[in-house]
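Report on the following structure.
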Amino acid sequence: MKAAVLQLSSQGMSNTKLYNYIRIAHKQDVQLLLLGEYILTPFFKELENLSTSMIQEQSQYQIKVLKELSTTYSMTIVAPLVMVKKDKLYKTIAKFAPSSTSYYHQQLLINYPHWNEEKYFSNEIKEITSPLIFKINNFKFAIISGFETHFDEIFMPLKEKNIDCILVPSVSTFNSYERWKSLLSARAFTNNCYVLRANRIGDYSLDGVDWQFYGDSFLASPNGEILEYLGNKEELMIVDMNHREVVEARKIWGFRETINKRKKL
């Protein structure tokens, strides 16, 4: 399975770079492209100052563009978006496939005083359910937002699903890159699957504080090792993933077998 991460800053209504990089990925036989959070929409703190109608206009435009790109290049595109329904905003991750489109409303949102997405968005607060799962040529993916990866509960519905790769779009900042590497490589290891993370770049200033989005997108292996990674610049990362490596890691470590034995007691 050949996939790619496109590491960009916020693009707003301009899709020139997206078009160019998708053409490059297509020539390399990439089947899936992952984007980070707040690339196709302004950053959260900027959204707070925009009208709902303007956000809706941007969202509808990006959906139209991504559907066309997915169909034209026979590529699945996974991209975080802000959806508007009945004047309410929802933080969403969309999956655009050549023949279908699916949406995953983020279940757990940041709720800190300086960055409170939970209060701003209308995503329902409810019991955790399974993240979005889909296949490309029998290679199985799940989508989990960056913030959601902090919670064991979000992984529980995936335990019996035999996921090959977890896609993690993120918007990490404040020099947290070592913590994110540790967290996601551990998630890859304990779930014995790949984790492909896309983090945006760029910056945002508020009250004299500079929020640096540092990139550092990467691929972690089913054994918890960082296989490929990017720096803090605009880049396209193309990776190869193999279902056999997932199967071998699960056989070697036997985590599921250990648990399944106890379920039978």
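No value in this document is a laboratory result; all are computed from the given coordinates. Keep in mind that this is a model prediction, so the values were computed, not measured. In this analysis, Cβ positions are derived from the backbone assuming ideal geometry, glycine residues included, and neighbour counts consider all displayed protein chains.
Tabulated results
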{"quantity": "Degrees separating the helix 52-73 axis from the principal Cα axis of the chain, which is the longest one", "calculated": "50 degrees"}
{"quantity": "Nearest 10 degrees, 0 to 90: helix 243-253 Cα axis against the chain principal axis", "calculated": "60 degrees"}
{"quantity": "Net charge of Cβ neighbours under 13 Å - reference I136; Lys, Arg +1; Asp, Glu -1", "calculated": "+2"}
{"quantity": "Given charges at Cβ of Lys, Arg, Asp, Glu: segment 1-124 dipole, positive-most of L69, L35, Y104", "calculated": "L69"}
{"quantity": "Spherically averaged projected area in nm², based on the convex hull that wraps the Cα atoms of segment 71-133", "calculated": "5.5 nm²"}
{"quantity": "Over segment 2-263, relative contact order from alpha-carbon pairs under 8 Å, at least 6 apart, %", "calculated": "19 percent"}
{"quantity": "P(r) of segment 177-265 over all Cα-Cα pairs, binned every 5 Å from zero, in whole percent", "calculated": "3, 14, 19, 17, 15, 11, 8, 6, 4, 3, 1, 0"}
{"quantity": "Distance between segment 181-205 and segment 107-134 - C-alpha centres, whole angstrom", "calculated": "18 Å"}
{"quantity": "Cβ-defined net charge surrounding S182, 15 Å radius [Lys, Arg +1; Asp, Glu -1]", "calculated": "+1"}
{"quantity": "Within segment 109-209, GluC sites (Glu not before Pro) in DSSP loop having at most 16 other beta-carbon neighbours inside 10 Å", "calculated": "E124, E127, E160"}
{"quantity": "Folded to 0 to 90 degrees: helix 177-191 orientation relative to the chain principal axis, Cα", "calculated": "40 degrees"}
{"quantity": "Where trypsin sites (Lys or Arg not before Pro) fall in DSSP loop in segment 30-116, at most 11 other Cβ within 10 Å", "calculated": "K86"}
{"quantity": "Equivalent-ellipsoid semi-axes of segment 1-130, from the Cα gyration tensor, Å, largest first", "calculated": "26, 16, 14"}
{"quantity": "Net charge contributed by nearby residues that have their C-beta within less than 13 Å of T41 (K/R +1, D/E -1)", "calculated": "-2"}
{"quantity": "Burial order of peptide ranges 181-190, 195-204 (average beta-carbon count within 10 Å, highest first)", "calculated": "195-204, 181-190"}
{"quantity": "Convex hull volume of the chain per residue (C-alpha atoms, cubic angstrom)", "calculated": "132 Å³"}
{"quantity": "Kirkwood-type radius of segment 126-170, with distances r between different C-alpha atoms, in Å", "calculated": "10.9 Å"}
{"quantity": "Rounded to 5, percent antiparallel among DSSP beta bridges of segment 2-263", "calculated": "70 percent"}
{"quantity": "Principal axis dimensions, largest first and in whole angstrom, of segment 88-184 by Cα", "calculated": "42, 35, 26"}
